[in-house]
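Asks: Encoded as structure tokens, here's the structure I'll be asking about.
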Amino acid sequence: MDPHKLLIWDTPETWEKPIYSIIVGIIGQKTVISILREPPEELYVDDPSWLDPYCTLSSDAYMVTGNGIRENYQYIRAYHACKPFKIERYFSRGLLPLSIEEFAEDSAERFSASGISYDRIKAIFSDPKVRSEVGRLWLNLSDRAFSKKAGHYLIYGGELLLSFCREIAGESGGLWSIDYLKKVGIPTVFVCNVPVEHFSDDTLKNLAGDLLCRLFN
């Protein structure tokens, strides 16, 4: 893999020059220099209107920069935090979007001593709120987020396991409380170089907004 084709969010050296070149191509060198000399007081990751005083192309800046990210990079670094009961599955199957069947299988093994059947576990995870998560795989652009805002993925294993523990706590007389999750599983952070084609245009547009705000801040 060409390291120059890998964008790492928390390593500006991997994106500052390309993003600078992209935005210069959109609004021009003089405008970029003007912004850098007198940056605006407020910048918005999800709204390019802060560029309005400088140019007439502000509304398209994030979208076009997002397209530039797709053209200039092959991979974007992302991180997945979890607490697997059997980490070998990740190495044999890879990182996969949520499947109720596989999650129920894992939970049946994780809570085997509870006596709760696979069918009961599967029924718990048939809740509409859980179903809305099916087919998704959550990643973060920075591994620091897991120690600052999302440590529960490494401590307990995530929201679904926490919900499951709360659901069966009454059936087990409180034995299978959320404290049990602290004792089982292996806290793990996977480093993933995700092919850029797996990112939607909207996601790249949001990433572009974030990078441009960091560039001009």
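Asks: Select from region 21-44 the residues that are under 27 Å from the mean Cα position of the chain (by Cα) and surrounded by fewer than 16 Cβ atoms within 10 Å (Cβ to Cβ) and list them in ascending order. Steps first, please.
Replies: As a first pass, look at region 21-44 and keep what is under 27 Å from the mean Cα position of the chain (by Cα): 21-23, 42-44.
Within region 21-44, S21, E42, Y44 meet the criteria.
Asks: If W176 satisfies all but one of (1) at pLDDT 75 or above; (2) surrounded by 17 or more Cβ atoms within 10 Å (Cβ to Cβ), what's the number of the condition it fails?
Replies: (1)
Asks: Please give the number of the condition T203 fails out of (1) modelled with pLDDT of 80 or more; (2) of a type in the set (S, T, Y); (3) not in a helix (DSSP H, G or I).
Replies: (3)
Asks: Quick check, is K5 surrounded by 12 or more Cβ atoms within 10 Å (Cβ to Cβ) and among the charged types (D, E, K, R)?
Replies: Criteria met by K5.
Asks: Please tell me if R37 is among the basic types (K, R) and modelled with pLDDT of 95 or more.
Replies: For R37, the condition - among the basic types (K, R) and modelled with pLDDT of 95 or more - is not met.
Asks: Can I ask one more? Please verify whether K86 is exposed (fewer than 15 other Cβ atoms within 10 Å of the Cβ) and in contact with an Asp or Glu (Cβ under 8 Å, 6 or more places away or on another chain), treating the condition exactly as stated.
Replies: So K86 fits the description; yes.
Asks: Go through region 135-170 residue by residue and tally those that are aliphatic (A, V, I, L, M) and assigned to a helix (DSSP H, G or I). Talk me through it step by step, then tell me what you get.
Replies: Here is the first cut: in region 135-170, the residues aliphatic (A, V, I, L, M) are 137, 139, 141, 145, 150, 154-155, 160-162, 168-169.
Subsequent filtering for residues that are assigned to a helix (DSSP H, G or I) retains 145, 154-155, 160-162, 168-169.
The total comes to 8.
Asks: Something else now. Which is among the basic types (K, R), exposed (fewer than 12 other Cβ atoms within 10 Å of the Cβ), over 17 Å from the mean Cα position of the chain (by Cα) and modelled with pLDDT under 80, of K183, K122, K129, K148?
Replies: K129 is the lone residue from the list that is among the basic types (K, R), exposed (fewer than 12 other Cβ atoms within 10 Å of the Cβ), over 17 Å from the mean Cα position of the chain (by Cα) and modelled with pLDDT under 80.
Asks: Out of the residues in region 45-62 that are within 25 Å of the chain's Cα centre (by Cα) and under 18 Å from T31 (Cα atoms), which is surrounded by the fewest Cβ atoms within 10 Å (Cβ to Cβ)?
Replies: D60
The values are calculated or read from the model by the stated rules, or taken from the named source; none is laboratory data. The structure presented is a predicted model; accordingly, all values stated were derived computationally and were not measured. Note that we place each Cβ from the backbone using ideal geometry, even for glycine, and neighbour counts take in every protein chain shown.
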